[in-house]
Amino acid sequence: MKRASYAIAAVAGFAVAAVGFSSGAGAADKAAGLSAEKLKEITGKIDDAALKTGAPGNWLTYNGSPSEQRFSTLDQITDKNVGEMKLVWSFPTGTNRGLEATPLVVDGVMYTTANWSVVHALDAKTGKELWSYDPKVPKEHGHDACCDVVNRGVALYKGKVFVGTIDARLLAIDAATGKLAWEVATADKGTVYTITGAPRIANGKVLIGNGGAEYGVRGYVSAYDTETGKLVWRVFTVPGDPSKPQESKALEDAAKTWKGADEWLKRGAGGTAWDSLTYDPELNQVYFGTGNGTAWVQEMRSPGGGDNLFLSSILAVDADSGEVKWHYQVVPGDNWDFDACAQITLATLKIDGKDRKVLMQAPKSGFFYVIDRETGKLLSAKQYADKVTWAKAIDMKTGKPIENAGQRYEKEMAIVQPSAFGAHNWHPMSFNPKTGLVYIPEQEGAGALKKDPDFKVKPGTWNIGIDLTQFKGLNRDTKGTGKLLAWDPVKQKAAWAVQHPNLWNGGTMTTAGNLVFQGTSDGRFVAYSADKGKKLWEAPVESGIIAGPMTYEIDGVQYVSVSSGWGGAFALVGGGASAASGTKPGGVVLTYALPSKVPAAMASADPAVSGDIAKGEVLYHHNCGLCHGANAISGSGVPDLRHSNPDLQKVFVQIVEKGIPGTGMAPLGKWVSEDEAKLIQKYVQKRTEDEKAGR
Ligand code: CA
């Protein structure tokens, strides 16, 4: 693994060198191709119609399209040729914490985010940075984020880039210039709300939820005017003070499912909508999932029980008014941090011979839900995780889980599976209409839950009521594993699965080329056949991957991109899982394509090259590349070393050391040792072979 990591580091380094190099002469034209005027024109075209229909070559919203299927119709890269796929460029984000973002691409421009809600605009063909925007989140807000200072990406609309920040601001940035257009505080000062999710667009409004339910807040989703940043509507997910009128009829009803208001009013009842947000243009509805209550322990927040609506629920609201149309509660009276915040994917499925407009979710609880999105009726729910201890099944008459005894840890500690990390968390899943399968980054692991006998509310920090020393046991005793699970949502059963050594693997993306892509916590980026789950391609990456991949096309070339950077919630207690596999902290956006389709100067050498050649590659780019050309391809009058005649090859090492008087070749012996010169020569020879082989 070490050697492979080194190789990829070298390749990454040299792709960057290639990019830096090209900004000299020939690429000035390319850079000009993406001037601010051009960006304005490109991003200005993203309106409601464009978002609704999309374009196969673009990836305009976090999960790729309004259906949030993460399915691409691009099919240049297929199950037949993916084995040839190579790294084309890499963009180091300069960070070493979790990267959860899925980049968006529109007509050759990429917008993505890194730690601390920093936004980057890149040339999607080369990885060259066009601009970046740092919202300058005060670092003390890192404490307010339960699960790392991550960000899952941006929304694009009519020339603006929208991003939520760790300190709960929503920003609109000029997509052409990277200058701030407007910003709003989505939460009151002094509260512990955070934003890590990607905003979505619905009819000229930008939608955003928030996190904070571990600390104690009242969850909500807000819609702001995209032009002005004015609040259009806000829908709360849990009731406010029951002695006063609630904001809506839905909340009046919800309030009746809570007991002991003194308890939950102290700190806010929770129920934050921190990830999924799906706008359904067909029904003009927005769907989102909500999380746990504060505290996790139900008797501490609602003594005497109750369903505690709308905790751990899926809600459908009117996109124009925020009025609640229907809800489905995944886990009534949640006691386990079973957020139902996971991605909500729309599809039309043939169920019992009838086409049904459905939404699908695989939340933490371990059951896969298919719901009629017009009515909110539960159509089916089946266990997708290998092991679920908290409930036997979902009763289709009531739509409620049939709980197992002893799992609410009323008296003593209980081992509960799934753990609070869930059988599936935020890591995006994908649905391929051609195979009819959903590809879930599934995970197996148990958690030890015990009430904290000394629990007292401490505003501004974790208030979950759990004895957190139990987490020690979780990390030590139940390491957990993960799978890429292909799930048939109609039959509600597994089609195939690929076992991974750890949990907390990357999200998935699927294509019309019969492919599924997924990165892993043990530092690999992998392609499988979508129908059978056969591994077809794999590349080592430096850091574990947790983000979801995406794909796009520019000038007839299909690219596949993914952010690599280990972190997020599980890294806090289970970081060892990735490190034990030889990965390191890091942050980089990696972009791949078929070498036969990309210009020669951009195509990198084989990432799996041996150690010597990889070392030579780094030495070459540090000592030779600036004159002789990146990738050992000369773009100028300086000799192309791949074409050196055999006599010169014999004295290669001497030339490096002593130079050639009277030419531009300076003596490099001061900086390059004899052994290093030999490594450089090995690399150049490899590039000579590459050229003969058409690489
Ligand atoms: Ca939670």
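The values are calculated or read from the model by the stated rules, or taken from the named source; none is laboratory data. These numbers come from a predicted model, not from an experiment. Positions of Cβ are generated from backbone atoms using ideal geometry, with glycine treated the same way; all protein chains shown enter the neighbour counts. Areas reflect the complete protein model, heavy atoms only, side chains present, ligands, DNA and RNA absent. Shrake-Rupley method; radii C 1.70, N 1.55, O 1.52, S 1.80 Å.
Descriptive notes on the structure:
- Listed residue pairs exceeding 32 Å between alpha carbons, taken from K411/K491; K411/K479; K45/K230: K411/K491
- Projected label points at A497 and H643, each 7 Å from Cα along the beta carbon direction, are separated by 5.7 nanometres.
- Which of W566, W89 is most accessible, then next, and so on - probe 1.4 Å: W566, W89
- Span from the the range 317-343 Cα centroid across to the the range 354-432 one, whole angstrom: 13
- For the range 205-337, the calculated P(r) over all alpha carbon pairs, in 10 Å bins from 0 to the bin holding the longest distance, is 14, 46, 31, 8, 1 percent.
- Calculated FRET efficiency, M413 to Q654, Cβ-Cβ distance, R0 = 60 Å: about 0.25 to the nearest 0.05.
- Distance between the range 206-258 and the range 480-542 - C-alpha centres, whole angstrom: 36
- Distance from the Cα centroid of the range 272-313 to that of the range 72-130 is 32 Å (rounded to whole angstrom).
- By average C-beta atoms within 10 angstrom, highest first, the peptides 205-217, 395-407: 205-217, 395-407
- Gain on full extension, evaluated as 0.36 nm per residue between K266 and E674 minus their Cα-Cα distance, stands at 139.8 nm.
- In units of the rule-of-thumb radius 2.2 N^0.38 Å, the range 301-444 shows an alpha carbon radius of gyration of 1.07.
- Here the range 206-261 is described by how far its Cα atoms reach on the three principal axes: 41, 26, 14 Å, from widest to narrowest.
- Along each principal axis, Cα extent of the range 401-495, largest first, Å: 54, 32, 26
- Here the calculated FRET efficiency for E252 and E691, from their Cβ-Cβ distance with R0 = 60 Å, stands at 0.25, rounded to the nearest 0.05.
- Per residue Cα convex hull volume in Å³ - calculated over the chain: 146
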